[in-house]
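Quick notes on the structure that follows.
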Amino acid sequence: MQIGFYFDQTRCTGCGACQVACKDWHDLLAGPEKWMRILYTEKGKFPDVFVSYLVGPCFHCIDPVCIPACPVNAISKRKEDGIVVVDSQACLGSEACDFKCLKACPYDAPQFDQELGSKMQKCNFCLDRWAEEKLPVCVEACPTRALDAGSLQELESRYGQVREAEGFSYSKRTKPAVVFKPK
Amino acid sequence: MKSEGMSKDSGETKIVRTTSAFDCGGRCPIRLHVRDGVIIRVEGDDTAGPDEQLRACLRCRAYRKHIHHPDRLKYPLKRVGPKGAGEFDRISWDEAYNTIVEKLKYVKEKYGNSSIFLASGGGYLAALHNGASAMARLFNQIGGFSTSYGNVSSEGAVWACLTQYGSVMVGNSREDLLNSKLIILWGWDPARMISGTNTMYHVIKAREAGAKIISIDPRYTDSAVVLADEWVPIKPGTDTAVMASMAYVMIKEDLHDQAFLDKYTLGFDKFKDYVLGIEDGIEKTPAWAEAISGVPTVTIEQLAREYATTKPAALMDCQGPARSAIGEQYNRCAMTLCAMTGNVGRPGGSAGGGLMGIPVGHMFRASGIPAGKNPAEAGGPSVRGTLDLNLRLARRVHINKMHDAFLKGKKGGYPFDVKFLWSVANNHLNQLGDANKGARAYASLDFMVAPELFMTPTARYADIVLPVTSPAERNDLTRPWPSGPYYTHINQAIEPLGECKSDLDIATDLAERFGIKDFKPFTDEEYLRMFVEKNPETGPEVKDYEKFRREGVHRVKLPEPIVAFKEQIEDLENNPFPTPSGKIEIFSQRAADIENPEQVPPIPKYRRTKEDRFDPLTEKYPLQLISPHPKTRDHSSLYKVEWLQEVEPHRAWINSKDAEARGIEDNDEIYVFNDRGKIAIKAWVTERIIPSVISISEGTWYDPDEQGIDRGGCVNVLTSDDYSPGGAAILKTALVQVSKA
Ligand code: SF4
Ligand code: SF4
Ligand code: SF4
């Protein structure tokens with residue numbers, strides 16, 4: 001089975017509830033380490049403006065490019081559900097490997113705290129919740145119900161197979177597990 | 001209590017179902033995970049399926065970082081440095097109480113009770129612990145006190161609704177939005193201003209059900225980003241002109257609902273005379289409005305036609321644009337358009353008025369501890385239902401003039417000289433107009449007590465600061481601001497931090513020292529049960545108090561959405577409007593009786609004002625300033641929470657045209673200034689704001705440097721401390737200039 005995300009870009013107000021809920025659940029410090037980020041696009045000239053938001057978790061790719069990028073095999077993909085996890089003990093730390101996974105990932109999902117030598121961490125699809133058959137906390141937090149998650153197959157049958165959204169470009173190499181309703 | 005422990009820590013983690021008490025308008029059920037006396041996680045509502053869940057926004061998702069913030073005050077403090085410097089020493093409760101009692105007795109004796117001033121605000125809003133009522137009860141029992149009139153948020157809209165409808169319950173429940181074919185967000189940004197949980201979600205659902213949505217706003221708001229088919233940028237303070245010209249188009253093209261007006265309204269002919277220029281020789285044409293507002297004539301014509309011919313349509317005005325120099329006219333004019341299009345009292349329509357109040361779950365209808373009568377205000381004029389602000393201000397000071405009254409007292413024409421200030425659940429220095437004047441006012445006071453959770457810019461001026469419990473440290477009842485339909489229960493999650501006490505306990509301790517018997521005849525728990533069981537609304541509705549308490553929320557099942565004034569529209573004879581005439585008063589005799597037709601016109605009118613965009617002052621200060629609600633705070637509460645700060649850095653919205661003209665690039669440090677003061681802030685150069693307007697969200701903390709430049713970017717350094725003829729705090733009518741720092 002492969003898990004994945006659904007994101008309805010037409011509903012996202014960029015409010016940040018998902019980002020904060022993620023920090024809360026995983027007890028992350030304020031600062032650059034954000035397992036969920038919100039990306040902003042603004043185009044056009046007043047008054048013809050286009051604005052959209054895009055969520056940025058880890059997309060738990062089908063062929064994750066972060067895995068071969070890591071010199072010590074700290075990243076792996078779980079067989080049973082395709083969740084891409086990182087063994088932070090094994091990770092060399094930001095300076096030592098010069099952010100190789102982050103540089104490889106087209107979606108900037110690998111995250112580092114601001115401290116020197118900090119180990120990579122990232123969205124783990126709320127593994128502990130998933131084990132209890134609960135949805136990721138970002139999904140449950142979204143006030144506009146712009147997010148969903150679960151089996152990618154089920155998401156595709158429910159929401160379709162659109163892989164493009166404003167500010168996002170689908171990488172055929174890494175195959176992110178996400179479908180969209182784009183704006 | 002149902003326990004659903006986390007995987008790793010089951011047995012040790014308890015789940016507490018509760019809500020916060022922020023001044024956000026939402027009351028979202030949350031589940032706090034508590035371990036070893038510390039809140040370790042926050043989860044959302046699970047008492048309904050995903051669609052019905054009352055989903056918390058980012059603020060309550062960060063709740064634990066507010067409650068357990070390292071800067072929380074935990075011990076009583078006395079000031080040891082100069083006022084405002086923030087130098088304090090820890091003292092005991094005994095010492096704090098002794099000092100307070102001594103001061104109170106002295107002031108009462110020497111200057112009389114009217115010199116005791118109670119300033120309260122929306123720091124936390126709940127039935128039992130809300131800042132004001134416990135101290136009001138105490139002060140009343142020792143002879144009374146002085147206080148302010150009005151609230152900062154909504155007085156313009158309240159005045160307008162009372163004038164037009166005689167009622168503030170002007171809202172439809174949010175499910176009714178799904179019946180609309182056209183929704184006009186006129187200055188309304190529900191994504192940011194919560195105003196009843198899930199409101200934004202319902203507007204999204206309405207859009208997805210096919211409603212067309214238009215946003216009329218100086219900014220392309222996040223609500224507009226998601227909702228609007230069309231954004232109509234407009235200059236601040238000119239909404240009423242555009243509305244009047246929409247009325248002009250409707251009248252000229254005979255698109256208005258004359259039968260509705262004839263049956264349900266009073267004075268439309270007078271409004272028509274104004275619009276057509278019969279009254280004053282100026283036709284309120286779209287071209288006239290274009291010159292004022294910057295909205296093109298064709299856009300206005302289309303708007304008028306579309307609104308008049310799409311049925312039903314909901315014109316959603318708000319309270320924000322009404323916090324301006326003659327802001328109440330905006331709500332009055334909106335309500336008049338609602339009547340002209342026959343949308344009042346109709347499903348999918350709207351009554352306008354900006355208050356969105358429904359009579360189920362409304363905070364105004366909650367019970368609370370009785371404050372009793374105020375002997376210091378005895379014999380004052382009756383103010384019930386009056387539109388005359390002078391009557392309301394006979395014994396009180398308008399809230400936005402509070403600091404001016406501290407400075408000037410009776411010599412300045414105010415009804416009292418303040419010698420003792422109890423300043424609770426507010427951060428008025430920061431949140432009222434003209435913060436620099438506020439700072440001078442606090443510095444001038446003889447004695448000030450500030451019960452607080454944090455050392456706010458206001459509290460820094462206090463002589464005694466008392467540490468107050470947060471709503472996570474006590475039990476209480478809360479309601480959403482205007483529109484339920486639900487009630488929420490706060491359940492205590494953790495023990496009071498440090499030596500924190502609730503305001504009610506503080507008042508009770510002081511009462512004892514004054515020898516008052518039976519000040520608090522019931523326990524907190526007894527009170528709460530009574531407030532639910534004896535309240536005319538919740539009594540019959542909430543059958544099982546224990547269940548309500550356990551679940552933290554009680555939803556009212558409405559057979560159909562509430563539509564304001566439906567009864568009046570269906571059967572006017574038996575259900576007249578609660579106005580003197582029994583009709584919707586487009587012409588108000590009560591307003592006419594005030595005999596100030598320029599400032600208090602009996603029919604809604606566009607009016608030029610001080611610091612509008614045509615004021616000669618624009619030569620010096622060419623930009624109009626607006627100060628919307630922040631999305632990462634509740635006003636100035638939650639300011640310290642870093643998780644929230646990083647979601648949206650505090651920056652001034654400035655159009656690229658205005659930025660370029662000043663050599664400003666995105667993220668540059670800029671100064672924003674006028675004669676009232678100067679703030680330092682970063683610029684956000686964006687196409688999402690109309691040129692010549694700058695937008696700075698309210699609520700960051702005032703922090704002046706040696707030169708008096710506010711490094712905190714507190715927007716109220718720049719706003720005025722005036723109020724409108726209807727009583728609105730004028731926080732959105734200010735002219736400024738901007739320069740690169
Ligand atoms: S999004 Fe990036 S980090 Fe996540 S699996 Fe794909 S390549 Fe790896
Ligand atoms: S799935 Fe969990 S870890 Fe990943 S972004 Fe969402 S909340 Fe964060
Ligand atoms: S919580 Fe939902 S609406 Fe808010 S930023 Fe995240 S996805 Fe967007």
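Total residues in region B:706-727 satisfying the condition of being more than 16 Å from the chain's Cα centre (by Cα), outside any strand (DSSP E or B) and closer than 20 Å to residue B:85 by Cα: the figure is 8. Within region B:92-111, the set of residues being open to solvent by less than 80 Å² (accessible area, probe 1.4 Å) and either in a strand (DSSP E or B) or in contact (Cβ under 8 Å) with a residue 60 or more places away in the chain (or both) comprises B:93, B:96, B:97, B:99, B:100, B:101, B:103, B:104, B:107. Answer with yes or no whether residue B:456 is among the polar types (S, T, N, Q) and in contact with a strand residue (DSSP E or B) (Cβ under 7 Å, 6 or more places away or on another chain). Criteria not met by residue B:456. Here is the figure for region A:42-65: residues that are closer than 25 Å to residue A:144 by Cα and among the basic types (Lys, Arg) total 1.
Working only within region A:50-87, note down all residues that are among the small types (Gly, Ala, Ser), touching a residue at least 40 places away in the same chain (Cβ under 8 Å), in contact with a Lys or Arg (Cβ under 7 Å, 6 or more places away or on another chain) and within 10 Å of ligand 1 (Cβ to nearest atom). The one that is among the small types (Gly, Ala, Ser), touching a residue at least 40 places away in the same chain (Cβ under 8 Å), in contact with a Lys or Arg (Cβ under 7 Å, 6 or more places away or on another chain) and within 10 Å of ligand 1 (Cβ to nearest atom): A:56. Of everything in region B:211-230 that's assigned to a loop (DSSP other than H, G, I, E, B) and at the interface with another protein chain (Cβ under 10 Å from one of its Cβ atoms), which residue is farthest from residue A:146 (Cα to Cα)? My answer is B:220.
Restrict the check to region A:151-161 and report whether at least one residue is more than 16 Å from ligand 3 (Cβ to nearest atom), assigned to a loop (DSSP other than H, G, I, E, B), buried (at least 19 other Cβ atoms within 10 Å of the Cβ) and more than 14 Å from chain B (Cβ to nearest Cβ).
Taking region A:151-161 and keeping what is more than 16 Å from ligand 3 (Cβ to nearest atom), we get A:151-154, A:156-158, A:160-161.
Now drop any that are not assigned to a loop (DSSP other than H, G, I, E, B), which leaves A:160-161.
Remaining after also requiring buried (at least 19 other Cβ atoms within 10 Å of the Cβ): none.
Within region A:151-161, none of the residues are more than 16 Å from ligand 3 (Cβ to nearest atom), assigned to a loop (DSSP other than H, G, I, E, B), buried (at least 19 other Cβ atoms within 10 Å of the Cβ) and more than 14 Å from chain B (Cβ to nearest Cβ).
Listed conditions (1) hydroxyl-bearing (Ser, Thr, Tyr); (2) modelled with pLDDT of 95 or more; (3) assigned to a loop (DSSP other than H, G, I, E, B) are all met by residue A:88, apart from (2). From the residues in region A:88-118 that are open to solvent by 20 Å² or more (accessible area, probe 1.4 Å), under 20 Å from residue A:174 (Cα atoms) and more than 9 Å from ligand 1 (Cβ to nearest atom), which one is nearest to the chain's Cα centre (by Cα)? Looking at the filtered set, the residue picked out is A:103. Name the single residue that is nearest to residue A:61 (Cα to Cα) among those in region A:89-130 being within 14 Å of another protein chain (Cβ to nearest Cβ), within 15 Å of ligand 2 (Cβ to nearest atom) and among the polar types (S, T, N, Q). Selected residue: A:124.
For region B:637-661, the set of residues classified as basic (Lys, Arg) and either buried (at least 17 other Cβ atoms within 10 Å of the Cβ) or out of contact with any Ser or Thr (no Cβ under 9 Å at 6 or more places or on another chain) (or both) consists of B:640, B:651, listed by residue number.
Among residues of region A:120-144 that are within 30 Å of residue B:196 (Cβ to Cβ) and free of Cβ contacts under 8 Å to residues at least 60 places away in the same chain, those with a Cβ under 8 angstrom from a residue that is of a type in the set (Gly, Ala, Ser) and more than 10 Å from ligand 2 (Cβ to nearest atom), sequence gap 6+ or separate chain, pair up as A:135/A:150.
Within region B:42-82, the only residue that satisfies the criterion of being touching a residue at least 24 places away in the same chain (Cβ under 8 Å), open to solvent by 30 Å² or more (accessible area, probe 1.4 Å) and at the interface with chain A (Cβ under 10 Å from one of its Cβ atoms) is B:65.
Residue A:133 - would you say it is within 15 Å of ligand 2 (Cβ to nearest atom), in contact with a helix residue (DSSP H, G or I) (Cβ under 8 Å, 6 or more places away or on another chain), within 14 Å of chain B (Cβ to nearest Cβ) and open to solvent by 40 Å² or more (accessible area, probe 1.4 Å)? Write out each step before concluding.
Values: within 15 Å of ligand 2 (Cβ to nearest atom): yes; in contact with a helix residue (DSSP H, G or I) (Cβ under 8 Å, 6 or more places away or on another chain): no; within 14 Å of chain B (Cβ to nearest Cβ): yes; open to solvent by 40 Å² or more (accessible area, probe 1.4 Å): yes.
When the stated conditions are applied, residue A:133 does not pass them.
For region B:364-400, residues that are assigned to a helix (DSSP H, G or I) and open to solvent by 60 Å² or more (accessible area, probe 1.4 Å) total 5.
The values are calculated or read from the model by the stated rules, or taken from the named source; none is laboratory data. Please read these numbers as outputs of a predicted model, since none were measured by experiment. Glycine also receives a Cβ, built like all others from the backbone with ideal geometry; neighbour counts cover every protein chain displayed. Side chains are part of the model used for accessible areas, which takes the heavy atoms of the whole protein and leaves out ligands, DNA and RNA. Shrake-Rupley method; radii C 1.70, N 1.55, O 1.52, S 1.80 Å.
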